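Peer 1: Quick one: the structure is below, questions incoming.
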Amino acid sequence: MSHLPLIGTVEAVSSDDAHRFSKVTRDQIQLLAGLGVEGDAHAGIRVQHRSRVKQDPTQPNLRQVHLIHSELLAELADQGFAIDSAALGENVLTRGLNLLDLPRGTRLHLGETAVVEVTGLRNPCAQIENFQTGLLSAVLDQDAEGHLIRKAGIMSIVLHSGEVNPGDLIRVELPPQPHEKLERV
């Protein structure tokens, strides 16, 4: 993991107070320790994603903040998809970090005080296909051994509150070895 860039930037931030697929781009968002993005429908100590609530509403919320790398949007544009920031439901759009290769437990320092801890991969579902036909297969891939690669971003929990703005630096703090590969959450 030492080959990963350890500094990136916040490209855009978004939130939405309702459970919709896409979010609204904002000038800034406030991260709240243990909860998520202030005013966002997915903020909370317990799971907030509707499908997860149906399964077990007492589960801890490991999906408080959703991050996507802007490089994915460029890759999708090359395939003919028109995807703006916030369209895939992310709270933070990043640039310059290979989010998918970060190990579980990585801490991302966003701006001056906010810190999130990476919990796992976003598992793209049928909603992404309903958003744009063909998009589900475009955000899934396979490695050389045939293992599924989920490219629709990562999920995290908020450890330290703080304001996050476009242009803020993101500093990566890797967890102690051995590193755990990200799995879907």
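Peer 1: Among the lysines, which fall within straight-line cross-link reach of Lys54, defined as a Cα-Cα distance under 23 Å, with same-chain neighbours fewer than 8 residues apart omitted?
Peer 2: Lys23
Peer 1: Limiting things to C-alpha atoms, what are the Rg and the maximum Cα-Cα separation (Dmax) for the stretch 1-129, in angstroms?
Peer 2: According to the Cα coordinates of the stretch 1-129, Rg and Dmax are 14.4, 41 Å.
Peer 1: Ok, one more. With +1 assigned to the C-beta of every Lys and Arg and -1 to the C-beta of every Asp and Glu, and no other charges, what is the dipole magnitude of the chain about the Cα centre in debye, to the nearest 20?
Peer 2: On the way: 17 positive and 24 negative charges, 116 e Å.
Taking the Cα centre of the chain as origin, the dipole is about 560 debye.
Peer 1: Could you work out the percent of alpha carbon pairs in the stretch 97-185 separated by over 15 Å, rounded to a whole number?
Peer 2: When all Cα pairs of the stretch 97-185 are counted, 64 percent exceed 15 Å.
Peer 1: Now, a different point. Hey, how many Å between the Cα centroid of the stretch 132-152 and the Cα centroid of the stretch 27-64?
Peer 2: Value for the Cα centre distance between the two parts: 25 Å.
Peer 1: What's the local net charge at Leu100, with K and R +1, D and E -1, over the other residues with C-beta under 15 Å away?
Peer 2: Around Leu100, the surrounding residues sum to -1.
Peer 1: If Lys and Arg each add +1 and Asp and Glu each add -1, what is the summed charge of the other residues whose beta carbon sits under 9 Å from the beta carbon of Asp141?
Peer 2: Values: positive: Arg150, Lys151; negative: Asp143.
With Lys, Arg at +1 and Asp, Glu at -1, the net is +1.
Peer 1: From Cα pairs below 8 angstrom and at least 6 apart in sequence, can you work out the relative contact order of the chain, rounded to a whole percent? Present the calculation step by step, with values, prior to reporting the outcome.
Peer 2: On the way: 455 pairs, mean separation 59.2, N = 185.
The normalised contact order for the chain reaches 32 percent.
Peer 1: Something else now. With unit charges on the beta carbon (Lys/Arg positive, Asp/Glu negative), name the residue among Asn98, Gly120, Gln142 whose Cα is farthest towards the positive pole of the charge dipole of the stretch 70-144.
Peer 2: So the residue we want is Gly120.
Peer 1: Going by amide H atoms built from the backbone, whose H comes under 5 Å of the H on Glu11, apart from near neighbours?
Peer 2: Leu93, Thr94, Arg95, Gly167
Peer 1: Something else: Let me check against my output: what whole-number percent is the relative contact order of the stretch 96-148, with C-alpha pairs under 8 Å and at least 6 apart? Mind showing how you got there, number by number?
Peer 2: Numbers: 32 pairs, mean separation 10.3, N = 53.
After rounding, I find 20 percent.
Peer 1: May I pose another question? Which of the lysines could a cross-linker span from Lys181 if the Cα-Cα distance has to be under 24 Å and same-chain partners fewer than 8 positions apart are dropped?
Peer 2: Reachable lysines: Lys151.
Peer 1: Over the stretch 1-106, what is the relative contact order in percent, taking alpha-carbon pairs closer than 8 angstrom and at least six residues apart?
Peer 2: 37 percent
We did not get these values from a lab; they are worked out from the coordinates using the rules stated. These numbers come from a predicted model, not from an experiment. When we count neighbours, we look across all protein chains shown, and the Cβ atoms used for this are built from the backbone with ideal geometry, even at glycine.
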